[in-house]
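To keep things clear, I will list the structure first and then write my remarks on it.
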Amino acid sequence: MLGNEAVARGAYEAGVRLVSSYPGTPSTEITENCAKYPEIYAEWAVNEKVAMEVCVGAADGGARAMCCMKHVGVNVAADPLFTVSYTGVNGGMVIVCADDPAMHSSQNEQDSRFYARSAHLMMLEPADSQECSDFARAAFDLSERFDAPVMLRLTTRIAHARSMVTLGERREREIKPYQKDIRKNVMMPGMARGRHVVVEEREKEQAAFVETSELNRVEMRDPAIGVICSGIAYQYVREALPEASVLKLGIVYPLPEKLIREFASKVQALYVVEELEPFFETRLRAWGISLAGGKNLTGLQGELSARRVEEAFGRETAPLYPAQETLNRPPLMCAGCPHRGPYSVLAKLKMHVTGDIGCYTLGALPPLSAVDTVLCMGASIGMSQGFARARGREFAQHTVAVIGDSTFLHSGVTSLINAVYNRTGITVMILDNRITGMTGHQPNPASGRNIYGEPAPEIDLAALCRACGVNRVVTVDSFDLAGLEKALKEETASDEVSVIIARRPCALLDRKSRKTPLKADPAVCRGCFSCMKISCPAIEKRDKHVWINPDQCVGCGLCLETCRFGAIGGGEKA
Amino acid sequence: MKMDVVIIGVGGQGTLLASRILGALADLKGLDVKVSEVHGMSQRGGSVITYVRVGSDIHSPMVDLGGADVVLAFEQVEALRALPYLKRGGVMIVGDQKINPLSVITGQAAYPKGALDALRQQCRVLSLDALSIAREAGEVRSVNLVLLGVLCAYLGEDPELWHEAVARVVKSAFLEVNLKAFDAGRRHYEESEERNG
């Protein structure tokens, strides 16, 4: 079972009733799997903050509830996170955050253990799929025991690894009674001061609890080396240092001081092996526990591996065949991808583009090289306003904020309102492909269906923008290059805020409009390579002509528009 | 059976399915197994690598550099890329398909010539035109099953349990064509010179 599937299973067995999340690699499959259990209500929320708030409401209302997100999603949800720590819960509440060391699919490498410490919340970290299930169940019990949400931290190699899981039965739970209690649930200063006292008391109780919890485990072997570790790092340590004694922390916050001191006293040399930040190490050093090594051995960046641990401890490593000189293969936009149209026009017009998070981030790579900035979800629209204010009208007239439909609804709408309100005349282009693509095609409020594939109200993006006060809203087919160019020229020239909606469904989903592959006739092709500017993986340069790879081409026809000589043809209804 | 396998290919080639079938096989044999997958951004036509570890009491879900008994490569450039994962004395099973990276498509770089020969100078290589074999079997997308068939025959294993593992993972509508591709891969190895060479 995939780690994420196992988290869903554990939550199911614990009697969870509601799961609300926003997709984000490597957390997405948890919620998708929860949706397969008829006993659970699951939903895709518009963003992580909303997901967490839905979850808090459900927990206050007496049900067991869970929200799942990637590490950067916790930043979005940090506002409710810090205060739900004060209010506590009623039904158990679990917050799953999936960190991405080595940034396989992320924009930073932040370590969410610090969130647990800052928000005074207990955090568990499983080390395989079985523990994903076991710890998810334990997290709900602990949440109710301490009347506080519990965080469950995963990393990519736990979330996306498969290992054996023993299935248990679901324990159905009654909805707990609800009682209005403003001293607990209305966090205005007078009440919050009282709750802060409760938070600190609770943390003391949790600190006492973790000393004896079975989730932390001492494995005494050879006392020459003792290692403190958690999660995937535990597996690497067992692999690399099979004889070493280990304190495996299943609860990574709060830390069991007495247990750690006791373990330290039993081993001759104490080490900490942890991925990313020196979270354990800093605390141990603050407690005056002397370490023989930590981050000085394993490093601060990227993910660990058994080999990296072997190297850190000066062990012999397996001999390697030499790395071969070869070509990189970065991810690219699929053949037929609707993002290709807008980007080829933006590149042609040499626009400055503030970009955003999604498949269309790939437009930053050569040969399109059409994106100037990518920061975080929704940042494109805000950043373009800053550029306009800093660099003036002319720069603004050569700048476009590009954002996907899902990301726009996640956190772009508020920035658009900001532009209208402050009269910052930016141009926004919404790449509306009707789906959240990069994470694996999760539906969103613009898709017209929900997580179960049932019909759902479809947000009208153009009407939404108009309601925000944008007078200039145009919708163009993403493959209408002439139309896009005209719209971009007109809208960037305007001093008003304008929105161009480039609309066409994701090529991977839109099987209906697939056509037979196109062909380029070498007798007609003049070798100008204009068609290659759209950067389609199906169009290859072969000597002095282009060749269209029939295994790649989906017949989208975008290249037809780029050929002045009519060399490209074909593309019948498949 | 104790075996560490690295499966490498290009997004969309079916590497994930291959790793899941090996996972199901280990389960049928009552062995411990861990499979590590990559989801998200790299699946968009990028290089995709998955790890399968079969044995008893497995800790890390990852195969380390220099740790793979077998590398199953779906493409030539990817086979080159994966060489450092191979254990000394391990074997590389390579589908000899060429999928041009963007730098080749745009004419900025040439697809490496003699990739397989370069590999043969370093290690044991079993290469085959898995794409044609898959096409003959009736489904071009079953390259993954062809390569698994080669692996099964290379290991000298009874195919019956492997068939069962395939049936566990593959949708029933595609089972027949996939088993056909698997058996074609097996036969190819058994009839090949490399087996004797």
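The values are calculated or read from the model by the stated rules, or taken from the named source; none is laboratory data. None of the values given here were measured: they were computed from a predicted structure. So basically every Cβ, Gly included, is an ideal-geometry build from the backbone, and we count neighbours across all protein chains shown.
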Of the criteria (1) surrounded by 21 or more Cβ atoms within 10 Å (Cβ to Cβ); (2) assigned to a loop (DSSP other than H, G, I, E, B), which one B:G107 fails:
(1)
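Of these, A:E43, A:E13, A:E5, which one is surrounded by fewer than 24 Cβ atoms within 10 Å (Cβ to Cβ), acidic (D, E), within 30 Å of B:I21 (Cα to Cα) and more than 14 Å from every other protein chain (Cβ to nearest Cβ)?
Details: A:E43 fails: within 30 Å of B:I21 (Cα to Cα); A:E5 fails: more than 14 Å from every other protein chain (Cβ to nearest Cβ).
It is A:E13.
Can you report the number of residues in segment A:73-96 which are among the small types (G, A, S) and assigned to a helix (DSSP H, G or I)? Break it down into steps so the answer makes sense when it comes.
Keep residues of segment A:73-96 that are among the small types (G, A, S), which gives A:73, A:77-78, A:85, A:88, A:91-92.
So of that shortlist, the ones also assigned to a helix (DSSP H, G or I) come out as A:73, A:78, A:85.
The qualifying residues number 3.
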What's the number of the condition A:F146 fails, among (1) surrounded by 21 or more Cβ atoms within 10 Å (Cβ to Cβ); (2) over 19 Å from the mean Cα position of the chain (by Cα); (3) of a type in the set (F, W, Y)?
(1)
Please identify the pairs in which a residue from segment A:462-486 that is under 18 Å from A:S415 (Cβ atoms) has its Cβ atom under 7 Å from the Cβ atom of a residue that is among the small types (G, A, S), counting only partners at least 6 apart or on another chain.
A:V470/A:S498; A:R472/A:S494; A:R472/A:S498; A:V473/A:A462
Out of the residues in segment A:540-556 that are modelled with pLDDT under 90 and not in a loop (DSSP other than H, G, I, E, B), which is farthest from the other protein chains (Cβ to nearest Cβ)?
A:R542
Within segment A:320-348, track down each residue that is in contact with a helix residue (DSSP H, G or I) (Cβ under 6 Å, 6 or more places away or on another chain) and outside any helix (DSSP H, G or I).
A:L320, A:Y321, A:A323, A:Q324, A:T326, A:L327, A:P331, A:L332, A:M333, A:H339
Given (1) buried (at least 19 other Cβ atoms within 10 Å of the Cβ); (2) under 15 Å from B:L72 (Cβ atoms); (3) within 14 Å of chain A (Cβ to nearest Cβ); (4) not charged (D, E, K, R), where does B:C123 come up short, assuming only one miss?
(1)
Could you tell me which residue of segment A:413-461 is farthest from A:W44 (Cα to Cα), considering only residues that are in contact with a Gly (Cβ under 6 Å, 6 or more places away or on another chain) and touching a residue at least 24 places away in the same chain (Cβ under 8 Å)?
A:V420
Can you tell me which of (1) over 30 Å from A:Q301 (Cβ atoms); (2) outside any loop (DSSP other than H, G, I, E, B); (3) not polar (S, T, N, Q) is the one A:E214 doesn't meet?
(2)
Check off (1) under 15 Å from the mean Cα position of the chain (by Cα); (2) at the interface with another protein chain (Cβ under 7 Å from one of its Cβ atoms); (3) not aromatic (F, W, Y) for B:G45 and give me the number that stays unchecked.
(1)
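Filter segment B:83-109 down to the residues that are among the hydrophobic types (A, V, I, L, M, F, W, C) and within 9 Å of chain A (Cβ to nearest Cβ) and list them by number. Steps first, answer last, please.
So the first thing to find is which residues in segment B:83-109 are among the hydrophobic types (A, V, I, L, M, F, W, C), and the list is B:83, B:86, B:91-94, B:99, B:102, B:104-105, B:109.
Result: B:L83, B:L86, B:I99, B:L102, B:V104, B:I105, B:A109.
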Quick one: would you say A:A127 is of a type in the set (G, A, S), surrounded by fewer than 23 Cβ atoms within 10 Å (Cβ to Cβ) and part of a loop (DSSP other than H, G, I, E, B)?
no
Mind listing just one residue for me: the one in segment A:313-338 that is away from chain B (no Cβ under 11 Å) and in contact (Cβ under 8 Å) with a residue 40 or more places away in the chain and, of those, farthest from A:D99 (Cα to Cα)?
A:G336
Of the residues in segment A:311-366, how many are surrounded by fewer than 21 Cβ atoms within 10 Å (Cβ to Cβ), on the phi > 0 side of the Ramachandran plot and of a type in the set (G, A, S)?
1
